[in-house]
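**Q** Here it is, the structure, as structure tokens.
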Amino acid sequence: MIFSTPFSMPLARKVARAAQTAVGRAEFRNFADGERYVRISSNVRGRSVAALGSTPPPAENWIDLLFLIRALKENGARRVTAVLPYLGYARQDHVERRGEFVALRLAADLIAAAGADRVILVDPHPSGASRFFRLPATAATALPLLCAALPSAREALVVAPDRGAAARAREAAGLLGARQVVIFRKFRPRPNEVRLLPSAAIPGAKSAVIIDDMIDTGGTVIAAVKRLRAAGIRDIKVASTHPVLSRNAIRRIRAAGANQIVVADTIGLRAGRLPKNVRVVTVGALIAKFL
Ligand code: R5P
């Protein structure tokens with residue numbers, strides 16, 4: 001049986017369908033002051049269940065998932081698998097400047113403290129996020145699904161917009177049957193601002209596919225699109241698992257010159273928010289395989 005936070009319910013239904021199991025009943029409410037209340041109304045005693053919830057801001061998505069895990073455990077679930085299709089609050093994953101702390105470690109500890117027995121992530125940032133958990137944790141990847149949605153990219157240049165995306169870009173090139181991979185180098189003068197360092201000559205190509213784990217403000221992808229256009233490439237596609245999409249990212253990425261964007265449904269997208277050349281692939285069946 002699969003339980004979900006309200007935020008991730010559309011994806012939980014797809015996972016349940018693919019896993020041929022039921023969606024369990026859990027009530028989520030607010031107290032008058034906004035505090036969360038969670039109650040399990042399906043019988044979970046002695047059962048192995050999944051608690052699914054992506055955790056982008058607001059932080060209530062984290063509260064909902066933690067409360068759900070603990071509520072399942074305290075109501076007698078034998079085993080709770082925490083499924084985080086998008087692991088939010090994971091970008092502070094190392095200490096760079098004095099005074100910082102590793103928020104990802106706290107997030108991982110909270111999942112364990114809530115009572116989960118096992119964790120499933122999808123394309124977490126950082127890719128080694130599983131190691132932060134004191135529980136068995138597995139990272140699935142949506143990359144094959146994203147690549148399958150990009151027909152005939154064999155001749156395309158596969159582009160990592162920063163070094164963090166290099167391994168994914170190489171893997172994508174293998175999946176697409178593409179031969180050329182380019183890795184850009186990025187730096188951030190300030191949080192949420194992006195500059196690309198000068199790169200070696202970009203090999204001649206008619207098309208390019210930019211691969212990244214998430215699109216937040218779109219700054220990273222836009223910088224890469226601009227660099228590719230300056231090199232004369234006009235057919236530019238973007239494939240990224242998590243559509244965080246702040247600051248009108250999709251509109252700005254298209255305006256920069258990308259003509260197709262493929263993302264996964266790890267974070268709910270508001271209806272009517274997406275233009276035609278944005279495709280959303282589902283990770284429902286992928287997650288079901290790991291349950
Ligand atoms: C960073 O290392 C990530 O892989 C993404 O490149 C980044 O978070 C995307 O953020 P934005 O869309 O705001 O540039």
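**Q** What does the charge count near H242 come to, summing +1 for each Lys or Arg and -1 for each Asp or Glu among other residues with Cβ under 14 Å from its Cβ?
**A** -3
**Q** Rounded to the nearest 5, what is the percent of antiparallel bridges among the DSSP beta bridges in the range 133-270? It would help to have the intermediate numbers written out before the result.
**A** Details: 2 of 21 bridges.
Looking only at bridges with both residues in the range 133-270, the antiparallel portion is about 10 percent.
**Q** Modelled label-to-label distance, R179 and A112, 7 Å Cα→beta-carbon offset: nm?
**A** Label-label distance for R179 and A112, simple model: 4.8 nm.
**Q** Here is a further query. Using a Förster radius of 25 Å, what is the FRET efficiency between R47 and A285 based on their Cβ-Cβ separation? Nearest 0.05, please.
**A** The calculated FRET efficiency here is 0.65.
**Q** Within the chain, what is the number of lysine pairs with alpha carbons under 22 Å apart, leaving out pairs fewer than eight places apart on the same chain?
**A** 8
**Q** When only C-alpha pairs under 8 Å and at least 6 residues apart count, what is the relative contact order of the chain, in percent?
**A** Relative CO of the chain lands at 15 percent.
**Q** Could you list which residues have their amide H under 5 Å from that of R185, counting only those 5 or more apart in sequence or on another chain, with H placed in the peptide plane?
**A** Here the answer is L197, since their amide H atoms fall under 5 Å of that of R185.
**Q** Hey, another quick one. Full extension from A22 to R163: what is 0.36 nm times the residue separation minus their Cα-Cα distance, to one decimal in nm?
**A** That pair, A22 and R163, stretches by 46.7 nm at full extension.
**Q** Under a crude label model (7 Å from the Cα following the beta-carbon direction), how far is E155 from N259 in nanometres?
**A** Each label point is offset 7 Å from its Cα along the Cβ direction, giving 1.2 nm.
**Q** I would also like to ask the following. FRET efficiency for S246 and R195, Cβ-Cβ distance as r, R0 = 22 Å, nearest 0.05? List each step's numbers first, then the result.
**A** On the way: r = 19 Å, r/R0 = 0.86.
The value I calculate is 0.70.
**Q** Going by average Cβ density within 10 Å per residue, which order do the peptides 63-75, 169-181 take, highest to lowest?
**A** Details: 63-75: 21.8, 169-181: 18.6.
The most tightly packed comes first, giving 63-75, 169-181.
**Q** Explain nothing, just the number: relative contact order of the range 184-291, from Cα pairs under 8 Å at least 6 residues apart, as a whole percent.
**A** Answer for the range 184-291 is 21 percent.
**Q** So who's got an amide H within less than 5 Å of the one on A26, skipping anything under 5 residues away but keeping other chains? H placed 1.01 Å off N, in plane.
**A** The answer is S41.
**Q** Once you put a point 7 Å from the Cα of R91 and another 7 Å from the Cα of R134, both along the Cβ direction, what distance in nm separates them?
**A** 2.8 nm
**Q** I want to make sure I understand the PRE zone here: with the label point 7 angstrom from the Cα of R39 toward its beta carbon, which residues in the range 1-33 have backbone N atoms less than 13 Å away?
**A** The answer is 26-31, whose backbone nitrogens lie closer than 13 Å to the label point.
**Q** If packing is taken as the mean number of other Cβ atoms within 10 Å per residue, what is the order of 80-90, 219-229, 108-118, 32-42, highest first?
**A** Values: 80-90: 25.1, 219-229: 22.5, 108-118: 18.6, 32-42: 11.7.
Top of the packing list down: 80-90, 219-229, 108-118, 32-42.
**Q** Let me have the 222 nm mean residue ellipticity of the chain computed from DSSP H runs of 4+ only, each contributing -39500 (n - 2.57), with the sum over all residues rounded to the nearest 500.
**A** -8500 deg cm²/dmol
None of the figures in this text is laboratory data; all of them are computed from the coordinates on show. Because the structure is a prediction, the values reported are computed rather than measured. Note that each Cβ is placed from the backbone with ideal geometry, even for glycine, and that neighbours are counted across all protein chains shown.
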